[in-house]
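Chemist: Quick one: this structure, given as structure tokens, is what I'll be asking you about.
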Amino acid sequence: LKLCYDCNAYDSSLHGPVFLQEPNSLIFPLDSEEKKVKLSCEVKGNPRPTIGWKLNGSSIDVGMDYRYSLLEGSLLINNPNKSQDAGTYQCVATNPFGTIVSREAKLQFAYLENFKTRSRSTVSVRQGQGMVLLCGPPPHSGELTYAWIFNEYPSFVQQDSRRFVSQETGNLYIAKVESSDAGNYTCVVTNTGDQQNDGMNPPRVMGEYEPKIEVQFPETVPSAKGTTVKLECFALGNPVPTISWRRADGKQLPRKARRHRSSGLLEIPNFQQEDAGLYECVAENVRGRNVARGQLTFYAQPSWTQRISDVRAAIEERVSWECRASGRPKPSYRWLKDWGFAVLFPQGRVQLEQGSLSIANVSLSDAGMYQCVAENRHGVIFASAELSVIAIGPDFSKTLLKKITLVKVGGEVIIECKPKASPRPTYSWKKGKDILRENERITVLEDGSLRIVNVTKSDAGSYTCVATNHFGTASSTGSLLVKDPTRVMVSPFSMDVTVGESIVLPCQVSHDHSLDIVFTWTFNGHLIDFEKDGDHFERVGGDSAGDLMIRSIQLKHAGKYVCMVQTSVDKLSAAADLIVRGPPGPPEAVTIDEVTDTTAQLSWRPGADNHSPITMYVVQARTPFSVGWQAVSTVPEVIDGRTFTATVVGLNPWVEYEFRVVAANLIGIGEPSSPSEKRRTEEALPEVTPANVSGGGGSKSELVITWETVPEELQNGGGFGYVVAFRPLGTVSWMQTVVASPDAARYVFRNESLPPFSPYEVKVGVYNNKGEGSFSPVTVVYSAEEEPTRAPTTVLARSLSASDVEVSWAPPWENQHKGRIQGYEVRCWRHGEKEENAKRIRTVGNQTSTRVSNLRGNALYHLAVRAYNTAGTGPSSAAVNVTTKKPPPSQPPGNIVWNSSDSKIILNWDQVKALDNESEVRGYKVLYRWNRQGSTSVIETNKTSVELSLPFEEDYIIEIKPFSDGGDGSSSEQIRIPKISSKDGRGWLYLYLRFPEMLFHCNFL
């Protein structure tokens, strides 16, 4: 019993028993080493419930049998006994609020006795005959599994299409006995914890016979929901029968069904209602067929779909519970109160209907624990709930009247009055100290709340709600404040704008300034987030304005805008529609209706015009060879906005095209449509001929012809290739050959009788699957020529310097050689080096001398000359020798001094002496130029001084270097002589040359 006379003292943590864990059914092996059974039960409640147990409906006295003990509510059975302890157990939990009972849990004992000690006789059968070896399991309890050993352990009989072990009977079935089956067989039986075996000794020739089904499932197989159903079927026969499964109603076998080994076992996991029906097993061989049938029926234990829950009810209230369970057959319901203390029947205040329980006008005696029981022949389930009956006087401690209630003039207000009370109290109201009378504007609602409509300023004041029942009276007071209403002074108005513009939608109000006001905007029903969408939306205006600025309007901004204004007393809104005009949307469903070799017929559907009529369409195309999308020519040339078809012209034959369409209006060009499907234009004769037809060169007896390939997009069809035609210059008949590769760019005609370097007229044509196209213009190509057959004569060489030599020769006599001479190749290699690594210099035409440079000084070189042409080089001349001159002096002129007079500059320097391995100095070169001029003048002298005119306009830049037979020596660093500002200038100049730390003295005379 749960009561509450003082609501403040009521502790909601007190409650009746609730199961946290209920016992489960167990199978205990008799030979288990554990020798102990535990049935679990865990309960919560406040006060803590006491727990007891029942066996087959009778209470267990734990204290009277040493084998029983409780461990935190769970029942422990030591040394369990099959005859005493097998049965149905229930956990019972009780506290002062009532009693509940758990679901039923069955304790069963698994055992397996030994086979009887008797010998089994030998089984004799003919080869090809079917055979059954009976197992005959010993007495047992619990589910068994069967296997057979052939001859000796661990050689188990492997099941296949010929052999089958029934897990229903344990028998071994051999559909067709073979000589290899002769031997000893042992049946092995296993349950949860035991194994027994029994043996026998079984296998002339038998003819073929039709299948005989020896193992089949019952005519009716009741199957529980969610279980795994196993159907066995096996037949004897010769030849070995094949086993197949099907449903007699024509439906497909469940996809989850599994066939095992020889298909003698059909397994249906997680059995459901839709799996029920008539199943057939078909055994057949060449001698005939046999069929076994059985009906799978569906049943299900009860399972809750709607449970009951705890109820707290005030005294004299009506209480209703409804529980629902699924199951097959459909479950029946009964109700228990405090389990064994009361079974509820429909009478008086109590009404029962199916799974519904209703108690009218509840009293304190109705409090307790209630259980709904759902059951069918396959099981029973329990659902528990507690009924608490509350009896208290009115109490406002947790539900005071609202301290201040705001309302606008002309509005409606409800002041709630909801004290805790049981039974329900009566209500009265006072304004100030005066009793409040109901009228057409003032009403006390059924739940005690006060309702005032069409509020005026005079309704402001303090209001008190008084609540009374059998257990007392209580009151609570609050104030009502009446405020002026909010009104919209400037509403947003509908507008028609263009993409990119910016506008302001006004929303200005008058309101009671003692109240806070909030402006919000919605767009198409969604609240505008000014932080997230700040790029386009901004709130502008003062305290009484909530104007909305929309910047850089886009098409997506078209729609309905609503300004919502809210204070604590009222809420109002004003709406406007925004139409946005912009470039058209993309056309839709671009379709290629028909194609020819150079045209494509297109159609499409117009997209959105975005409130500005479409004025024209443009068609674009793309191929694997184009760079992006390109506009194409159409008929009509200009496609107006009311035309949705066009013919694209000027296409290349045999090219894969895809098209898209772009719409435009007065505002701009829209987005392009999605691409059409890809279509290839039809084939046509090729029109483009190869370009740059030429050739020549090659090896002896060859005519080489080359051309530029025709691009794939201009081949106009498949099977593309080239036709090469050629004839000797001046003849009439053409020789032709076909080059079948579209990528070929060269053809070589070989014929030993082909004269060298003979002119041929050549042309190259094209063809494809449609036929031959035209030829390129005729051009002249020469056949390959022969190499020169004679070497040059009279080869001479002389040294020019330390690094250069000059070589000359005479050409072969014209009547003594074959092969055109295009030029000569000079080979030069230093003594001691290999000739094949020689430096090569080629001349062109009739030139019969050349210079070889970048050689080493004072070194012996060998030179040879041979003629060449396009066919190669001819024989080499005899080699000639030449020694380069010694290198020029490496020491530059030093101690350079210059003096100036009225009209000239005199330069002096020290004589340069050549080293032993250097050429003797023959003189000096003075190189000078004006500072701002690029050209350099040279004075040669065999002295160590020179005179120059005075530099009046600009500075001199001067270098001095020696020269010899080996060439020019090392140059001095540049000398800068400054220009003279006065002809009468005298004095000393000091000139730093670029030699490190060297000072030059210059004397003005």
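The values are calculated or read from the model by the stated rules, or taken from the named source; none is laboratory data. What you see is a predicted model, and the numbers here were worked out from it, not measured in a lab. For neighbour counting, all protein chains shown are included, and Cβ atoms are generated from backbone atoms with ideal geometry for every residue, glycine included. With ligands, DNA and RNA removed, areas are computed over all heavy atoms of the protein, side chains included. Shrake-Rupley method; radii C 1.70, N 1.55, O 1.52, S 1.80 Å.
Chemist: Just checking, how many residues over segment 653-666 are open to solvent by less than 50 Å² (accessible area, probe 1.4 Å) and more than 11 Å from Leu602 (Cα to Cα)?
Modeler: Here the count works out to 7.
Chemist: I've got another one for you. Counting residues that are over 23 Å from Lys35 (Cβ atoms), which strands (runs of 3 or more DSSP E) fully inside segment 46-92 reach at least 1?
Modeler: By residue number, 50-55.
Chemist: Considering segment 164-179 alone, what residues qualify as being buried (at least 23 other Cβ atoms within 10 Å of the Cβ), within 56 Å of the chain's Cα centre (by Cα) and part of a loop (DSSP other than H, G, I, E, B)?
Modeler: Once the filter is applied, which keeps residues that are buried (at least 23 other Cβ atoms within 10 Å of the Cβ), within 56 Å of the chain's Cα centre (by Cα) and part of a loop (DSSP other than H, G, I, E, B), segment 164-179 yields only Ala175.
A quick yes/no check of all residues on (1) within 30 Å of Ala360 (Cβ to Cβ); (2) open to solvent by 50 Å² or more (accessible area, probe 1.4 Å):
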| residue | (1), (2) |
| --- | --- |
| Tyr279 | no, no |
| Glu284 | no, yes |
| Arg289 | no, yes |
| Gly294 | no, no |
| Ala300 | no, no |
| Arg307 | yes, yes |
| Ala314 | yes, no |
| Glu317 | yes, yes |
| Trp321 | yes, no |
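Chemist: Could you identify the single residue in Asn716, Asn751 that is surrounded by 14 or more Cβ atoms within 10 Å (Cβ to Cβ) and not hydroxyl-bearing (Ser, Thr, Tyr)?
Modeler: Step by step, each of Asn716, Asn751 is checked, and only Asn716 is surrounded by 14 or more Cβ atoms within 10 Å (Cβ to Cβ) and not hydroxyl-bearing (Ser, Thr, Tyr).
Residues are listed down the side, and each one gets a yes or a no for (1) more than 20 Å from Pro485 (Cα to Cα); (2) among the basic types (Lys, Arg); (3) touching a Pro at 6+ places or on another chain (Cβ under 7 Å):
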{"site": "Ser510", "(1), (2), (3)": "no, no, no"}
{"site": "Ser514", "(1), (2), (3)": "no, no, no"}
{"site": "Thr520", "(1), (2), (3)": "no, no, no"}
{"site": "Phe523", "(1), (2), (3)": "yes, no, no"}
{"site": "Asp529", "(1), (2), (3)": "yes, no, no"}
{"site": "Lys532", "(1), (2), (3)": "yes, yes, no"}
{"site": "Gly541", "(1), (2), (3)": "yes, no, no"}
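Chemist: Another question, then. If you scan segment 530-556, which residues turn out to be assigned to a loop (DSSP other than H, G, I, E, B), over 15 Å from Ser573 (Cα atoms) and open to solvent by less than 70 Å² (accessible area, probe 1.4 Å)?
Modeler: Matches in segment 530-556: Phe530, Asp533, Gly534, His536, Gly541, Gly542, Ser552, Ile553, Gln554.
Chemist: Follow-up question, since we're still on this one. Any residue that is closer than 30 Å to Ala691 by Cα, assigned to a strand (DSSP E or B) and aliphatic (A, V, I, L, M) - is there at least one of those in segment 809-819?
Modeler: no
Chemist: Basic (Lys, Arg), surrounded by 13 or more Cβ atoms within 10 Å (Cβ to Cβ) and out of contact with any Ser or Thr (no Cβ under 6 Å at 6 or more places or on another chain): does that describe Lys925?
Modeler: yes
Chemist: Restricting to segment 584-612, name every residue that is modelled with pLDDT of 95 or more and either among the hydrophobic types (A, V, I, L, M, F, W, C) or loosely packed, with under 13 Cβ neighbours inside 10 Å (or both).
Modeler: Ala589, Val590, Ile592, Asp593, Glu594, Val595, Ala600, Leu602, Trp604, Arg605
Chemist: Now for a different question. Of all residues in segment 380-412 being within 57 Å of the chain's Cα centre (by Cα), aliphatic (A, V, I, L, M) and over 20 Å from Leu14 (Cβ atoms), which is most open to solvent (accessible area, probe 1.4 Å)?
Modeler: So the residue we want is Leu406.
Chemist: Which residues, taken from segment 725-739, are within 15 Å of Gly765 (Cα to Cα) and either touching a helix residue (DSSP H, G or I) at 6+ places or on another chain (Cβ under 9 Å) or open to solvent by 40 Å² or more (accessible area, probe 1.4 Å) (or both)?
Modeler: Once the filter is applied, which keeps residues that are within 15 Å of Gly765 (Cα to Cα) and either touching a helix residue (DSSP H, G or I) at 6+ places or on another chain (Cβ under 9 Å) or open to solvent by 40 Å² or more (accessible area, probe 1.4 Å) (or both), segment 725-739 yields Arg727, Trp734, Met735, Gln736, Val738.
Chemist: In segment 395-445, how many are under 21 Å from Pro485 (Cβ atoms) and either of a type outside the set (D, E, K, R) or touching a Lys or Arg at 6+ places or on another chain (Cβ under 8 Å) (or both)?
Modeler: Looking only at that region, the number is 13.
Chemist: Tell me yes or no: at least one residue of segment 752-761 is within 20 Å of Glu687 (Cβ to Cβ), of a type in the set (Gly, Ala, Ser) and not in a strand (DSSP E or B).
Modeler: no
Chemist: Okay, moving on. Which of (1) closer than 26 Å to Glu682 by Cα; (2) buried (at least 16 other Cβ atoms within 10 Å of the Cβ) does Phe625 not meet, given it meets every other one?
Modeler: Among (1) closer than 26 Å to Glu682 by Cα; (2) buried (at least 16 other Cβ atoms within 10 Å of the Cβ), the lone unmet condition for Phe625 is (2).
Chemist: I'd like to check something: does segment 672-690 contain any residue that is within 30 Å of Gly819 (Cα to Cα) and out of contact with any helix residue (DSSP H, G or I) (no Cβ under 7 Å at 6 or more places or on another chain)?
Modeler: no
Chemist: Further question: From Ala325, Ala360, grab the single residue that is surrounded by 19 or more Cβ atoms within 10 Å (Cβ to Cβ), over 30 Å from Cys233 (Cβ atoms) and small (Gly, Ala, Ser).
Modeler: Ala325
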